[in-house]
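Bear in mind that the values in this text are calculations on the coordinates, not laboratory data. Since we're looking at a predicted model, the values are computed, not measured. Ideal geometry is used to build each Cβ from the backbone, glycine not excepted, and the neighbour counts take in all protein chains shown.
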Amino acid sequence: MNTFKQLREKMNKGMPPGEHVYDKKFGKVELMIHKEKNMFTVYIDREKLDTYKTQKQAEKMGKEFIKQYKG
């Protein structure tokens, strides 16, 4: 029987769908932004956070989430 951690690691292999636009690491946390159907999707540690209309807004909200997540 697989544990939850093993299942989660299997799903996170490879890149998320869409065109890779932005990538940055904040300590151990990875922030990625992909463009999908004229929307920008934020991924934190390869898990989908949310979708935004502009890349600038997606970057801002991703960074804000990481700041709150760390602190």
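Annotations for the structure displayed:
- Environment charge at residue 24 (Cβ cut-off 15 Å; Lys +1, Arg +1, Asp -1, Glu -1): +3
- Degrees separating the helix 55-70 axis from the principal Cα axis of the chain, which is the longest one: 50
- Shown is the FRET efficiency for residue 57 and residue 28, computed with R0 = 30 Å from the Cβ-Cβ distance and rounded to the nearest 0.05: 0.75.
- Compactness relative to 2.2 N^0.38 Å, alpha carbon Rg of the chain: 1.16
- Counting neighbouring Cβ atoms within 10 Å and putting the fewest first, the residues 1, 32, 11 line up as 1, 11, 32.
- Residues 43, 22, ranked from the fewest to the most other C-beta atoms within 10 Å, line up as 22, 43.
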